[in-house]
Structures are given as C-alpha cells and as structure tokens.
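These notes are about the structure you will find just below.
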Amino acid sequence: MNFTKNLKSYTKKRVKALRHAVFKNFNSFSAVDFQKELGKLGIAVDDTVLVHSSFDAFEGFQGKPTDVISSLQGLVGEGGILMMPTMTFSGTAVDYARANPVVDLGRSPSRMGLLTELFRRTPDVIRSVHPTHPMAVWGRDANLVAHGHHLAKTPCGVGTPFEALLKRQGKIILLGTDISVLTFFHMLEEALESDFPVAPFTEEVFHLNSKTRDGEILSTSCRLFEPSVSRRRNLHKMVPYLKKAGAWHQSKVGGLEITVLGAANVDKAVRGMIKQGVYCYD
C-alpha cells in the first residue's frame, strides 16, 4: 500500500515537473507580456478593476507573484483603483458567522489565494472593514471606495466596493479562474432581489464585529447568503449572454487564461436574462 502511495506521489511530481518544463521552454511569458495582453483586453490607466486570481494558473510566467501585482498597478496607475477580495474563511458565511468571530483586519490573512494575501500586505493597500467580505483596495480613491463597508445591509451590495465598481464603470479580471468566482454577482443579487425566484439572502440578520488596523471595534448588522440558494447558484448560465453581447473578452498568454468583463455589461446581461425568465440558479 505504501509502495502504491509513493508511486502515485512520485508520478504526480514528475508530471508536474514535466509540465512546468514544457511551459518554461515553449510557453513562457514575462510581466511585460502579461501587461500587454491585459492592455489588448481593454485594461487601461485610471480604470477601476476587481481581480480574481489563481497563481497556480500562471504556467510559464517568468516572474514572482509580486510582479503580477506590480503589473496590475502599473496598468491602472495611481489614478485608478485595484481591488482584490480578502475573505478570511472557507465554507459558508453563515457557518462562519455562527462561530461569532471578531475579524482582525490587520492580521487575519486572506483565504482567496496567494496574490490576494500578498496584495493585502502591499504598501498603500487598505482593507475595507467587513466581518465576512473585506476588500483590499489600492489607488487614489481607495479610502473612498472602502469607506462604510461595515454599514452595508449585505456583504457585497449597496454601500460596498462592489457598488463602487459598478458606479465607476469598472472592469473585472479573471486570471486563471472561471466565472463561478464572480463575487460582483452578489451586488446584483441585492439590487434585483425582488426579481429572483428565490431569496439569495437569509431572513436572519447577523450581528458581527470587526477589528480595524487601529484596534477599533466596528459592528455590522447584515443578512448573509442563504446556503441552500448558494449551492444552486450557476453563473456559467450568463456566459452565452455575455458572448452574444460582445462583452466576453478572453485571451491567453503562456498557460494563463485571462477574461475581462465590464461590470455594467454583467449587470445588463443579468437584467436581460431576468426579462426572459432565465436565472443564474439551477
């Protein structure tokens, strides 16, 4: 049994090493290549951008994880806004909230991937105050975008950085991830809640606390995502509508697949689906 286990482990490591060698030799790309590809997909100076990422998907990248962050900052410039989600837990927000945590926003690491945690630690990045869905934000208006997040009635709705993304005609970048991670959809769940066939949020209002970097305790009272509905959420259903509208911008550099979406286009697509009786739930 140990022999079989060791053989599987060895084989897995060898396959991973060979794959890495192939991408390094034939599909390598630099930080400059990465920037150029994002530029072709419409990311520009002064943009407001929300990034979802998986650094494991950066196959062939000839740089460090911090080079990815620097490249993104360089693209939008100090006049733009760069955001990454920094949730501190896995599983459902309801299960997390029932443990009655006090989130230490200065210390609690992000569980949303390596790039998000490194971004959280980057100089001049601030973290919005929220017990379940804090956002790391960088740029000239970072404080304005992050302000008041803890007062929102749902984690990603009105009064959150997700609303700011829509108001600023922002863009969403998927780096090696698919549309299932699109947290911006939660903004639309609040805005269009009465139009959905099921309530995306709990009836219960949760009362939670967050500890700021300065040690202040701020309270939040909000509804969270109803787990039984969250399990039915299927955001892949909106892909054909985005593609038909010409709003699905996708490319590849090295082994990395990149998708860029406009927040306003996602909003329009979901509203159009609802008019046709199509919803992003199974």
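Can you tell me the relative contact order of the chain? Whole percent, Cα pairs under 8 Å, sequence separation 6 or more.
Numbers: 523 pairs, mean separation 58.2, N = 282.
Rounded, it is 21 percent for the chain.
Take the Cβ-Cβ distance between SER228 and ARG271 as r, set R0 to 30 Å, and report the resulting FRET efficiency rounded to the nearest 0.05.
Once rounded, the FRET efficiency stands at 0.75.
I need to check one value: relative contact order of region 18-151, counting alpha carbon pairs closer than 8 Å and at least 6 residues apart, in percent.
24 percent
In square nanometres, what is one fourth of the surface area of the convex hull spanned by the alpha carbons of the chain?
16.7 nm²
Among THR259, MET84, ALA146, which residue has its Cα positioned farthest towards the positive end of the charge dipole of the chain, with +1 placed on the Cβ of Lys and Arg, -1 on the Cβ of Asp and Glu, and the dipole taken about the Cα centre?
My answer, from the dipole projection, is THR259.
Take the solvent-accessible surface of the protein heavy atoms, probe 1.4 Å, and return the percent of it on the chain that carbon and sulfur atoms account for.
51 percent
Per residue of region 93-105, in order, report the coupling 6.51 cos²θ - 1.76 cosθ + 1.60 (Karplus, θ = phi - 60°) as ³J(HN,Hα) in whole Hz, putting x for Gly and Pro.
Rounded to whole hertz, the list is 5, 5, 4, 5, 5, 5, 7, 6, x, 10, 6, 8, 5.
Just the number, please: Stokes-Einstein D of region 169-217 in µm²/s, Kirkwood Rh from C-alpha pairs, 4 °C, 1.567 mPa s.
Taking Rh from Cα pairs, D becomes 91 µm²/s.
From the protein chains alone at 1.4 Å, what is the descending order of accessible area for TYR241, TYR96, TYR281, largest first?
If we order TYR241, TYR96, TYR281 from most to least accessible, we get TYR241, TYR96, TYR281.
Stretched out fully, how many nm does the piece from LEU144 to TYR281 gain, at 0.36 nm a residue minus the Cα gap?
46.0 nm
What number comes out for the charge environment of ARG213, summing +1 per Lys or Arg and -1 per Asp or Glu over other residues with Cβ under 10 Å away?
Surrounding charge for ARG213 is 0.
Send over a whole-number figure in Å² for the accessible area per residue of the chain, probe 1.4 Å.
Using a 1.4 Å probe on heavy atoms only, each residue of the chain averages 50 Å².
Could you tell me which trypsin sites (Lys or Arg not before Pro) in region 56-123 are loop residues by DSSP with no more than 16 other beta carbons within 10 angstrom of their beta carbon?
Those satisfying the criteria are ARG107, ARG111, ARG121.
Taking just the alpha-carbon atoms of region 193-282, what radius of gyration and Dmax come out, in angstrom?
In order Rg, Dmax, the Cα atoms of region 193-282 give 17.8, 49 Å.
What does the convex hull of the alpha-carbon atoms of region 62-221 project to on average, in nm²?
Mean orientational projected area (region 62-221, Cα hull): 9.8 nm².
For region 62-155, just the Cα set please: Rg and Dmax, both in angstrom.
Answer for region 62-155, Rg first and Dmax second: 13.8, 43 Å.
The values are calculated or read from the model by the stated rules, or taken from the named source; none is laboratory data. Predicted model only: the values in this text are computed from it and were never measured. Cβ sites come from the backbone with ideal geometry, for glycine too, and all protein chains shown count toward neighbours. Note: accessible area is taken over every heavy atom of the protein model, side chains too, but ligands, DNA and RNA are not part of it. Shrake-Rupley method; radii C 1.70, N 1.55, O 1.52, S 1.80 Å.
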